[in-house]
1. Just to be sure, is B:Lys39 within 29 Å of B:His199 (Cα to Cα) and under 15 Å from the mean Cα position of the chain (by Cα)?
2. Considering each residue of the stretch A:199-220, count those that are at the interface with chain B (Cβ under 8 Å from one of its Cβ atoms) and within 21 Å of the chain's Cα centre (by Cα), and give that number.
3. If A:Thr76 meets every condition in (1) among the β-branched types (Val, Ile, Thr); (2) surrounded by fewer than 22 Cβ atoms within 10 Å (Cβ to Cβ); (3) under 25 Å from A:Tyr3 (Cβ atoms) apart from one, which number is that one?
4. Could you please let me know if B:Ile157 is within 20 Å of A:Ser185 (Cα to Cα) and either among the polar types (S, T, N, Q) or in a helix (DSSP H, G or I) (or both)?
5. Hey, can you tell me all the residues within the stretch A:221-230 that are without any contact (Cβ under 8 Å) to a residue 40 or more places away in the chain and more than 9 Å from chain B (Cβ to nearest Cβ)?
6. Considering (1) of a type outside the set (Ser, Thr, Tyr); (2) within 11 Å of chain B (Cβ to nearest Cβ); (3) part of a helix (DSSP H, G or I), say which one A:Asp240 fails and leave the rest.
7. Return the only residue of A:Ala16, A:Ala6, A:Ala29 being small (Gly, Ala, Ser), at pLDDT below 95 and not in a loop (DSSP other than H, G, I, E, B).
8. Determine, yes or no, whether B:Ile148 is in contact with a Phe, Trp or Tyr (Cβ under 8 Å, 6 or more places away or on another chain), part of a strand (DSSP E or B) and more than 23 Å from B:Ala172 (Cβ to Cβ).
2 protein chains.
Amino acid sequence: MTYCVAMKLADGLVMASDSRTNAGVDHVATFCKMTVLEKPGEEVIVLLSAGNLATTQSTVSLLRRRLKTEQDNLFTQTSMYDVACLVGETLREVIERDSSKVPAQSGVDFGSSFLLGGQIAGEEPCLFNIYPQGNFIEATADTPYFQIGESKYGKPILDRVVTHETSLSEAAKCVLISFDSTIKSNVSVGLPIDLLCYHRDTLAVTEKHRVLDSNPYFQSIRRAWSEGLRSLFAQLPDPDWQ
Amino acid sequence: MTYCVAMKLADGLVMASDSRTNAGVDHVATFCKMTVLEKPGEEVIVLLSAGNLATTQSTVSLLRRRLKTEQDNLFTQTSMYDVACLVGETLREVIERDSSKVPAQSGVDFGSSFLLGGQIAGEEPCLFNIYPQGNFIEATADTPYFQIGESKYGKPILDRVVTHETSLSEAAKCVLISFDSTIKSNVSVGLPIDLLCYHRDTLAVTEKHRVLDSNPYFQSIRRAWSEGLRSLFAQLPDPDWQ
């Protein structure tokens, strides 16, 4: 499985992905699920992916290759909306290509989805959730975050903490706590975490981290959160039904 | 959807279920998903149910009716293992009866599952997770709790707090926090919560509560938990990547 989360906030974007993949429990591997495409000063495009790894890798490979071979490519779009359309089209193309060769009864799921975030000069930063069907929805101030993959374990803390006004560093902290809860409860999501904070209007990626188990900051907040939760829980009064 | 959780602890059992059902978002209703069958001094049998409501209701109705009409019924079993077999058989009978009348392509899911907890005089308390196929697994000291339905949102707090040695009242508190997280993140799970604490070897149900939104204890721990989480989160240091 996979866990990816992305937020569109007043100050910019926070995006993060785990890096565990599995085809059955006896075939577990590590793949980065974050793709960053950047033209400093002009545009920043970030993709997080979940679902069939062959589909997501092919989609990203075609998008990258076509930067050189096609006139109509990710870097020639004039808005993030058009970038989302192109990613959705390419995703649909790969799914159609690969699934058309396989009998429907094979039961293989070729589906994948993407979180697409970024900014093009002259536009606001944008965040899209692109479905396997190639269509997509966009984050707004009301619903500032999207998740794909194993989203449920890590959702309660996001729901409690994140609003459109949350600062990037607080949001990054919340993302790491959300990953910690997910990783604790589900072995199909695993470290390292790729974490990116995009500061609006910088049109460059200045803050991107690969968070390993040995990361001192991640270690310290995991421990403090775990101990804090236990002690908070212990302080709650026991049931008194009278 | 549904959320049910049950724990087998050193001191007894804690079992809880929500009471929201839905057939589409425009058909939401309230049904109790906890069934208690009791012969004080001899045995206590508690069922929590998730899945197709027609299936779970029919299964419980048949089990209840057969207490009077059949010699081989829930109260004539000599062990909780045999009770689990009988519940599993009856569940299978209902699913087969109802699904055999409907073409497979209809896409209706007749499946349901049960958490079965209880104790028969002379035996240890037991807890089983009964699958739609009628087979089941039993909780042990290593894995003292089971969940059915919308289990993911409320799992992290259980994983952090509950062990076989947790007291019944602490476990009940943890169950309520787990429900709070689930209810906050998923509208298909809703109040009231039916909560039962069974003290081992009492062979009687002495502590059973219907927890409404207005319940002062539930209100107070929800508020304290929510505020405590926010303040704990605020106390964690912001990322320092150097």
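1. On the way: within 29 Å of B:His199 (Cα to Cα): yes; under 15 Å from the mean Cα position of the chain (by Cα): no.
For B:Lys39, the condition - within 29 Å of B:His199 (Cα to Cα) and under 15 Å from the mean Cα position of the chain (by Cα) - is not met.
2. The initial filter retains those residues of the stretch A:199-220 that are at the interface with chain B (Cβ under 8 Å from one of its Cβ atoms), namely A:207, A:209, A:217, A:220.
Restricting the remaining residues to those that are within 21 Å of the chain's Cα centre (by Cα) gives A:207, A:209, A:217.
Summing the residues that are at the interface with chain B (Cβ under 8 Å from one of its Cβ atoms) and within 21 Å of the chain's Cα centre (by Cα) in the stretch A:199-220 gives 3.
3. For A:Thr76, the failing item is (3).
4. Working: within 20 Å of A:Ser185 (Cα to Cα): yes; either among the polar types (S, T, N, Q) or in a helix (DSSP H, G or I) (or both): yes.
So B:Ile157 fits the description; yes.
5. Of everything in the stretch A:221-230, those that are without any contact (Cβ under 8 Å) to a residue 40 or more places away in the chain and more than 9 Å from chain B (Cβ to nearest Cβ) turn out to be A:Arg223, A:Glu227.
6. (3)
7. On the way: A:Ala16 fails: at pLDDT below 95; A:Ala6 fails: at pLDDT below 95.
The conditions single out A:Ala29.
8. Values: in contact with a Phe, Trp or Tyr (Cβ under 8 Å, 6 or more places away or on another chain): yes; part of a strand (DSSP E or B): yes; more than 23 Å from B:Ala172 (Cβ to Cβ): no.
No; evaluated as a whole, the condition is false for this residue.
The values are calculated or read from the model by the stated rules, or taken from the named source; none is laboratory data. Just so it is clear, the structure is predicted and the values come from calculations on it, not from any experiment. Glycine gets a Cβ as well: all are built from the backbone with ideal geometry, and neighbour counts include every protein chain shown.
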